[in-house]
Amino acid sequence: MFELFQFIARSRNFILFILLEVLSFYFIINTNNYWSVEFFNTSNYYAAKFLEWSNKAKEYARLREVNAALAEENRRLNRQLVQFQQSNPKGQTSYKTDSIFASRFQFTVARVINNTTQHPDNYMTLDKGRADGIRPGMGVISPTGVVGKVKLCSEHFSVVTSILHSEFMISARLTRANEIGTARWDGVDPRRMKMLYISRNTKVARGDSVVTSEYNSTFPPGILVGRVLRVSESPDQTFHDIRLLLATNFSNVSFVYVVENKLQEEQDQLEKQIEPIKK
């Protein structure tokens, strides 16, 4: 307390100057209409600016909550869309699937907490694991397209093999040409991919969409892989050299959907029974 009194005593002239300035400012505003209006307008302007900054800060603080809500809504819509597509196969007017088959794909929202794109074999880590029903072998998609497949799981985390992996291949279909091939990353550009095994006799259009085909049990059919960026061929080649622009931008992916095929185990067990027969 004594030090406070000492400080006031040392700074008494400066404190008196500030008090006189405030008092003068008060009298000017209250006795002069022009300065009164100017003060009112200026104070309103800065008050509005402060309120705007405050609202922007609150909106920014809520971005994670808003993104999570949007991801959950997209999960629900994805499930409904896939169920509708499976119930009404494209190009089929009389064939209808049963309800169990049509609703076999389930989606779980997860957040990406680690991701690589610069290696020949890339992975990402999700904040969901066995406790959330995630298992190795499940497909992973983003709001824009295919992401990869779950490789390892702990209780609360999962590691996903990205499609930006030298050994990752996915059965894909050209939508206009209606031809099925294999999409595979060549390990060069994280925004580009190759489409393999499309015959030179097939007419391939630049910009054509490439989606997951019906010939895999990991991903629902019709999930976007990318779009045809370039088509070339050589006289000694049997297939087109097709380059795709990936639908998913792996440099900023934040929320994904882990896809569970509830009938996959049954299908896999049945198909394994063919091996002894072949031998």
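Taken together, the values in this text are just the output of simple stated rules run on the coordinates, not laboratory data. Source: prediction; values computed, not measured.
Tabulated data
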{"read-out": "Sequence-distant residues sharing a close amide H with ILE170 (under 5 Å, placed H)", "value": "ALA183"}
{"read-out": "³J(HN,Hα), Karplus 6.51/-1.76/1.60, whole Hz, each residue of region 148-159, x for Gly, Pro", "value": "x, 9, 5, 9, 9, 9, 10, 5, 10, 9, 9, 10"}
{"read-out": "Per-residue HN-Hα couplings for region 232-242 [Karplus 6.51, -1.76, 1.60; θ = phi - 60°; Hz; x = Gly/Pro]", "value": "9, 7, 10, x, 8, 9, 8, 10, 5, 9, 10"}
{"read-out": "Phi to ³J(HN,Hα) by Karplus 6.51 cos²θ - 1.76 cosθ + 1.60 over region 183-199, Hz, x for Gly, Pro", "value": "9, 8, 7, 9, x, 9, 9, x, 10, 10, 8, 9, 10, 9, 6, 9, 4"}
{"read-out": "Distant alpha-carbon pairs in region 169-246 (separation over 14 angstrom), percent", "value": "56"}
